[in-house]
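The values are calculated or read from the model by the stated rules, or taken from the named source; none is laboratory data. Note that this is a predicted model, so its numbers are computed, not measured. Positions of Cβ are backbone-derived with ideal geometry, glycine not excepted, and every protein chain shown enters the neighbour counts.
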Amino acid sequence: MNPPHSRIALAFGTPRKLPKPRALEGRVVVLDVAFAGVDGGGFDKITRPFIEGLGERLAAWVDHHDHALHAEYSKDARFVLATKAEHGACPEMITPELVARVGAVDTIVCHTDFDGLASAAKWMRGGQEPYPGCDRDAFAIDTRIGEPSALASRFDRALRARPRDQGLFGLVVRHLASGLADKSLWEPIDAAAAELIPIEQETRRAAQSYRRYAPGVAIVDVVTGYRALDKTLLLLLGQEREPVSVVLDAHSVSIAAAYDSGYNFLELLGLQGGMPTRISVPRNELPRVLKALGVDPTVGAEFE
């Protein structure tokens, strides 16, 4: 007989790209997917229609990203919502008691990073960690506080090398859900992780172009001149220079600071949802970002 978790379908999503409700089977649980931001109508265009499209088939939504509209759903027991300060990673929110209360589900929709995929695997295991310390590893990877285990780093590196590979996402969840029972599954995961090496090399080259601006901001423009980059690593390398790092690409402005830095970019920029210490806004928002960070606004002309 197949184990219970083998009968649960998987689907993957992000705050701004969710699957169609009609494509999802039966009762659905959503894990580690933040509500889309209110700014620009994202919530009303993406999140709310998804919730309403599932209707009673939505069994639970478990997430740990700050959002102004959490309060709107606080009286609905299906929504188990926290802030990043309350829970640095999602798997720690998934307990045997929660899984038992929600009951049988047919489909899991989860975010595509290690945090989200580990959450899906833990749900499949009835709220039990895929391996001892998995919750702690998810926290370390998602907050960048502490060092994840070598085992978790293998998963994380593979996912960072192939951030849109849904086949890899499914493989990672199934391997974790089985308690890492099939050692042969490491081969494709490690092969994907090896692809990160040249990406990291290119990212470190890009980081050499960071420029430091008072007070405490480092900015790099990667619109041209670079191959594939790891934006998370690039932001972290910027934080080695100044407390706040800013990466400019053709479409967006990404801003980050350490998880425990005390910065809250959501409040600083008047945004309604996301991670307080890492956000992304459209490229044309650069002047507003510079002003909010206290950088001389004339700096923006350097990046036009």
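Could we say that GLU25 is loosely packed, with under 14 Cβ neighbours inside 10 Å, in contact (Cβ under 8 Å) with a residue 40 or more places away in the chain and in the same structural domain as ILE108 (by TED's automatic domain parsing) here?
Yes.
Among LEU69, LEU81, which is at pLDDT below 95 and assigned by TED's automatic domain parsing to the domain that holds ILE8?
Checking each option against the conditions leaves just LEU69.
For the range 213-243, what are the residues that are in contact with a helix residue (DSSP H, G or I) (Cβ under 6 Å, 6 or more places away or on another chain) and either among the aliphatic types (A, V, I, L, M) or in a helix (DSSP H, G or I) (or both)?
The answer is VAL217, ALA218, VAL222, ALA228, LEU229, LEU233, LEU234, LEU237.
Scanning the range 235-259 for residues that are over 17 Å from the mean Cα position of the chain (by Cα) and farther than 17 Å from GLU285 by Cβ, which turns out surrounded by the fewest Cβ atoms within 10 Å (Cβ to Cβ)?
It comes out as GLU240.
Show the residue pairs meeting these rules: Cβ distance below 8 Å; 6+ apart or different chains; first residue within the range 111-131 and at positive phi and assigned by TED's automatic domain parsing to the domain that holds GLY170; second residue at pLDDT 95 or above and assigned to a loop (DSSP other than H, G, I, E, B).
Final answer for the pair search is GLY127/ILE94; GLY127/THR95.
LEU81 - would you say it is touching a His at 6+ places or on another chain (Cβ under 9 Å), over 18 Å from LEU24 (Cα atoms), surrounded by 15 or more Cβ atoms within 10 Å (Cβ to Cβ) and not aromatic (Phe, Trp, Tyr)?
So LEU81 passes the test.
Restricting attention to the range 55-68, which residues are of a type in the set (D, E, K, R), surrounded by 22 or more Cβ atoms within 10 Å (Cβ to Cβ) and either touching a Lys or Arg at 6+ places or on another chain (Cβ under 7 Å) or in contact (Cβ under 8 Å) with a residue 60 or more places away in the chain (or both)?
Scanning the range 55-68 gives a single hit, ASP66.
For residues in the range 35-54 being touching a helix residue (DSSP H, G or I) at 6+ places or on another chain (Cβ under 9 Å) and either surrounded by 22 or more Cβ atoms within 10 Å (Cβ to Cβ) or not assigned by TED's automatic domain parsing to the domain that holds VAL109 (or both), which is modelled with the lowest pLDDT?
Filtering first and then ranking leaves GLY37.
So how many residues does the range 272-294 have that are part of a loop (DSSP other than H, G, I, E, B) and buried (at least 21 other Cβ atoms within 10 Å of the Cβ)?
Summing the residues that are part of a loop (DSSP other than H, G, I, E, B) and buried (at least 21 other Cβ atoms within 10 Å of the Cβ) in the range 272-294 gives 2.
Quick check on this structure: which one of VAL109, VAL102 is of a type in the set (Val, Ile, Thr), surrounded by 20 or more Cβ atoms within 10 Å (Cβ to Cβ) and either more than 18 Å from ASP190 (Cβ to Cβ) or at pLDDT 95 or above (or both)?
VAL109
From the list SER149, SER184, SER153, which one is within 16 Å of the chain's Cα centre (by Cα), polar (S, T, N, Q), assigned by TED's automatic domain parsing to the domain that holds LEU10 and more than 23 Å from ILE108 (Cβ to Cβ)?
So the residue among SER149, SER184, SER153 that is within 16 Å of the chain's Cα centre (by Cα), polar (S, T, N, Q), assigned by TED's automatic domain parsing to the domain that holds LEU10 and more than 23 Å from ILE108 (Cβ to Cβ) is SER153.
Among the helices (runs of 4 or more DSSP H) contained in the range 148-212, which hold 2 or more residues that are within 17 Å of CYS134 (Cβ to Cβ)?
Those helices (runs of 4 or more DSSP H) span 150-161, 166-177, 186-194.
Tell me whether the range 198-212 contains one or more residues that are exposed (fewer than 12 other Cβ atoms within 10 Å of the Cβ), among the hydroxyl-bearing types (Ser, Thr, Tyr) and out of contact with any helix residue (DSSP H, G or I) (no Cβ under 8 Å at 6 or more places or on another chain).
no
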